[in-house]
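*Asks:* First the structure, then my questions, so here it is.
The values are calculated or read from the model by the stated rules, or taken from the named source; none is laboratory data. Since this is a predicted model, take the numbers as computed values, not measurements. Here the Cβ positions follow ideal geometry from the backbone for every residue, glycine too, while neighbour counts run over all protein chains shown. All accessible areas refer to the heavy atoms of the entire protein, side chains included, with ligands and DNA or RNA removed. Shrake-Rupley method; radii C 1.70, N 1.55, O 1.52, S 1.80 Å.
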Amino acid sequence: MTVTGIRQTFIKWLEVVLILVLIYSLLLVFAGTTAGSLFSWFGFGPEESINTAKEGSAWAWTFLVRSLSLWFILDTGMSLVLGYPMHALFNIPFAVALGIPLLRLKAHVRLAT
């Protein structure tokens, strides 16, 4: 197999995986109970993490803050390293728009769930 053929194979592979992730994500949104069973079967996260009326779980807040921070550091850092300062600046309004509500909600996070 040529280098081009190998490259195309891996690109197709990634496309298939991303399509499967998209389908699974849509299932989580539109078929919460059914997808929640599948989610539990795979052993991801606490059982109450999908389709639940509970709010303010400490693990969820921590997960969101860490995810946002990691995205901002990696994406902004790589944008600067690769010479795209405008993209780095473009990240700031999104970080602020997501960060302010998360910081304000910290006071409402339950310590024990």
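*Asks:* Could you grab the pairs with beta carbons closer than 8 Å, sequence gap of 6+ or different chains, first residue in segment 59-72 and farther than 15 Å from Ile100 by Cα, second one of a type outside the set (Ser, Thr, Tyr) and modelled with pLDDT under 85?
*Replies:* Close Cβ pairs (under 8 Å, with a partner that is of a type outside the set (Ser, Thr, Tyr) and modelled with pLDDT under 85) amount to Trp59/Pro46.
*Asks:* While we're here: If you scan segment 91-113, which residues turn out to be small (Gly, Ala, Ser), exposed (fewer than 13 other Cβ atoms within 10 Å of the Cβ) and modelled with pLDDT under 90?
*Replies:* Residues satisfying the conditions are Ala107, Ala112.
*Asks:* Among Thr34, Thr9, which is the only one that is open to solvent by 90 Å² or more (accessible area, probe 1.4 Å), at pLDDT 65 or above and more than 28 Å from Val109 (Cβ to Cβ)?
*Replies:* Thr34
*Asks:* Can you pull out the residues in segment 78-90 that are part of a helix (DSSP H, G or I) and surrounded by 12 or more Cβ atoms within 10 Å (Cβ to Cβ)?
*Replies:* Selection gives Met78, Ser79, Leu80, His87, Ala88, Leu89, Phe90.
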